[in-house]
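Below is one structure, written out as structure tokens; comments come after it.
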Amino acid sequence: MQLNYFPINIEFDKYQINTELYSDERLTELRGLYNATHSFFRNGDSIYISNKDSDDSTPIGILTERSTFSDHQITASLIKHIFFRTFKDRFPRYTPVDFYPFRFFSGKDDIIRNALPDSLKDRIGYKKLIEVQLRLTEINGKKRFGFLVNIKRNWIFDISCAELHSEGFELIGLDVLHAETLSGLTNILAPNEEFVGVLKEVIGNKAKVETNEGLKEFELSELLIRKTKFNIGKYLSFATSQDKSDEILNIIEGKRSDIYNPKNLYTEIIKIAEHLFNENGKLVLFQNKDSFCFTVDSKPITVSNTMELKNPTFIFDHAVTKTNNYNPDAGLSNYGPYDSSTFDIKSPNILSICNKNTRGNFTKFLYSLKDGIPQSRYFQKGLQKKYDLQDVVFNIKEIQDYTINEYLNAIRSDDESKPDLAIIEIPAAFKRYDDRNNPYYAIKAKLLALEIPVQYVTAEVVKSHNEYILNSLALQIYAKLGGIPWVLPSQRSVDREIVIGIGHSWLRKNQYAGSEQNRVVGITTFLSGDGQYLLSDKVKDVAFENYFSELLKSLKNSIERLSSEYGWAEGDTVRLIFHIFKPIKNTEFDVISQLVKEINQYKIKFAFVTISQSHPNMIFDTTQQGVQKYGNSNVIGAFIPSRASNVFLDSETCIVQMLGPNELKTSRQGMSKPIQIKIRTPQGNYDNNGLNDLIFHDLSYITQQIFSFTYLSWRSFLPGEEPATMKYSNLISRLLGKMRSVPGWDADSLNYGLKRKKWFL
């Protein structure tokens, strides 16, 4: 396997660099005087100086010695600056978009250029955006720096709002960007573009824009329309014709499979690396006048430090006598659910609401859901028999039309005993409604306040359901009722273990710059080591600075509850593995320190683990020829590693491919990023007071557990890209964030009764 990672070759362990004592004023002064020949950057209390082009024998600052890897942050900054200046010297016609990540548009390869009229060529385009990021790794047992190279496709639109207005193009109501050339960076970096708001009025050469700070006035010449498919399509139809606009946009859609083809992507990355790191058949020497120099391999690194990740065994009884090693669906059909003998809702009463005009199809759908489809491969038994239920009772209510009031009246009119679940038919159009006026969230809020989980089905699904849809719906329904379809083998250990997912949803008004994003709704979900869903606990909608104090309360209360239920003894070692939504700061470690103090009857070990696709790493398998899908002669997935392929980047970081060729549905999916698993540790001069001794460092164990937990979502029988901990937490947080806009909704109504049910699936 290969990464999109090109190792940097540095032939020395120590180097010399000039420094000065840091101050804002001095840094600004130095850049004003010497920016043409020198680079200046801050680290701690020092300004570091790199002489790239000056022959002046008089040095700036005092000469100091630094270690290549011990002082890796300084080394990294130096590499970035030398790379940037060398690029500008070698390729003067390119103007980078950003310094870091270093990004620039390709000079060629505009896939719509030939379709544009001459007047718009090179002003509108759809080009490759090349991105280069620096990383320090320990791949294959060797510590080194390297560049990660990636390619995206982005719109280019180089026509100001002043020009658009003079052409007669209607700007009112469009999202706009403010383009600002940073001081001293003309022709060095492209103008910085910031999404500021919606253009409301044009007065002469100025525009009034609705921003998060109210109406603000900008020069029209400094504004650009936001580069979205809608905005650019609208302008193309204005400047040419609707047919021409459609033709241009369809070119992009038609080339999507080629654009995202993994084999093509790999080939393009190799070509770009050759261009960046090679010249005339030799490696480029990146250097400054202070004798710091390096080369970069033009071939990607081949990796060998991996582990074998094993698919979990699925368990369907407490005695662990009923198992399946490959397929949880087959296990359910053969054995029934894991908790069949203890599940107490054997004859669920289900409130079922449909439109009066669809009752015929709706009742057919309910029959198939309950009793299955004869001769079906996956859903012959139906919900009742497959999940060992005694009966499934549907209490059907009709509505006249798809309005909030109709649904709420139907719920209020239910005079039967409290239902165990509700199945609600809705139109697909609800997806397009805003959150506040969307019956989807209003109905869910009402039912959850009554402690009734809800399962939505669209009218389209009701009309044309099949065994695959019904099979997934039945799985979700059983889980929402509080059932446990299957569990995984628990890792035998003398340590107690809880895996805790911490999800979040930012509460912000819009995407404009400056939008308030300092409030967050958080959720913690607790799973046992075998994947059993224990409970969830909501963290209040709070200012971000108060989030972790609220989190501490949530953790303490939940752990006390679980310790009582599962009979923890004083002196037990309790391992808490946190799957967390963001790269953490030392605040989180403060929370754990406080938790250790307040729950001192147990010996606590813990790990903060971030699980993310927001990283630049990619894995390629050049031996992978691809697979055929569903009788289609087209081969997809070439160069994509198989699911479970992984690479250890260092002792704290591992990347794992979760979607291999077999998991792809179409060629349009293209290359899927692996997830990055990273154990977080305190940063900087953090006084840990022995906290490091409490950190659980076993990355192999954590990686295998996370991989196993991707088979536990219970939204589907197929494995997911993220573990159930994060899936559950993020689903809950997202829903709570959405329902926050529903009048009268109180999230505290998710009381203890629903804490143990997967109502969010």
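The values are calculated or read from the model by the stated rules, or taken from the named source; none is laboratory data. Here the structure is a predicted model, which is why all the values come from computation and not from measurement. Every residue, glycine among them, receives a Cβ derived from its backbone with ideal geometry; neighbour counts consider all protein chains shown.
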For the range 244-255, does any single residue satisfy the condition of being polar (S, T, N, Q), touching a Gly at 6+ places or on another chain (Cβ under 7 Å), in contact (Cβ under 8 Å) with a residue 60 or more places away in the chain and crowded, with 18+ Cβ neighbours inside 10 Å?
no
Applying the selection to the range 263-289, what residues are part of a loop (DSSP other than H, G, I, E, B) and either in contact with a helix residue (DSSP H, G or I) (Cβ under 9 Å, 6 or more places away or on another chain) or within 19 Å of GLY146 (Cα to Cα) (or both)?
VAL284, LEU285, ASN288
Within the range 191-208, count every residue that is under 35 Å from the mean Cα position of the chain (by Cα), in a strand (DSSP E or B) and either aromatic (Phe, Trp, Tyr) or under 19 Å from THR181 (Cβ atoms) (or both).
5
Taking ASN154 as the residue in question, decide whether it is in contact with a strand residue (DSSP E or B) (Cβ under 6 Å, 6 or more places away or on another chain) and surrounded by 16 or more Cβ atoms within 10 Å (Cβ to Cβ).
no
Can you tell me how many residues in the range 699-711 are touching a strand residue (DSSP E or B) at 6+ places or on another chain (Cβ under 8 Å) and part of a loop (DSSP other than H, G, I, E, B)?
1
From PHE87, PHE41, PHE105, PHE91, residue being touching a helix residue (DSSP H, G or I) at 6+ places or on another chain (Cβ under 7 Å) and not aliphatic (A, V, I, L, M):
PHE41
For residues in the range 318-356 being in contact with a Gly (Cβ under 9 Å, 6 or more places away or on another chain) and closer than 25 Å to LYS418 by Cα, which is surrounded by the most Cβ atoms within 10 Å (Cβ to Cβ)?
PRO337
Just need a number here: residues in the range 209-224 that are among the polar types (S, T, N, Q) and more than 33 Å from the chain's Cα centre (by Cα).
1
Condition check for LEU164: buried (at least 19 other Cβ atoms within 10 Å of the Cβ) and either touching a residue at least 40 places away in the same chain (Cβ under 8 Å) or outside the structural domain of THR68 (by TED's automatic domain parsing) (or both)
yes
In the set ILE232, ILE203, which member is hydrophobic (A, V, I, L, M, F, W, C) and surrounded by fewer than 16 Cβ atoms within 10 Å (Cβ to Cβ)?
ILE203
Cβ pairs under 9 Å, 6+ apart, first in the range 342-359 and charged (D, E, K, R), second modelled with pLDDT under 90
ASP344/GLY482
Looking at the range 1-57 only, could you name the residues that are of a type in the set (A, V, I, L, M), surrounded by 16 or more Cβ atoms within 10 Å (Cβ to Cβ) and not in a strand (DSSP E or B)?
MET1, ILE10, LEU30
Considering only residues that are free of Cβ contacts under 8 Å to residues at least 60 places away in the same chain, surrounded by fewer than 14 Cβ atoms within 10 Å (Cβ to Cβ) and of a type outside the set (D, E, K, R), look in the range 272-311 and name the one that is farthest from ASP109 (Cα to Cα).
LEU285
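Go through the range 554-576 and report how many residues are of a type in the set (D, E, K, R), out of contact with any Lys or Arg (no Cβ under 9 Å at 6 or more places or on another chain) and in contact (Cβ under 8 Å) with a residue 12 or more places away in the chain.
As a first pass, look at the range 554-576 and keep what is of a type in the set (D, E, K, R): 556, 560-561, 565, 570, 572, 575.
Pick out the ones that are also out of contact with any Lys or Arg (no Cβ under 9 Å at 6 or more places or on another chain) and you get 556, 560-561, 565, 570.
Cutting the leftovers down to in contact (Cβ under 8 Å) with a residue 12 or more places away in the chain gives us 556, 560-561, 570.
Residues meeting the conditions: 4.
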Do you know which of the residues in the range 607-622 that are in a strand (DSSP E or B) and within 24 Å of ILE695 (Cβ to Cβ) is farthest from the chain's Cα centre (by Cα)?
ALA607
Count of residues meeting criterion [surrounded by 23 or more Cβ atoms within 10 Å (Cβ to Cβ) and either without any contact (Cβ under 8 Å) to a residue 60 or more places away in the chain or of a type in the set (Ser, Thr, Tyr) (or both)] in the range 460-493
1
Hey, any hits in the range 333-350 for a residue that's within 30 Å of TYR701 (Cα to Cα) and outside any loop (DSSP other than H, G, I, E, B)?
yes
Residue in the range 75-89 that is farthest from ARG103 (Cα to Cα), counting only those that are among the hydrophobic types (A, V, I, L, M, F, W, C) and buried (at least 18 other Cβ atoms within 10 Å of the Cβ)
LEU78
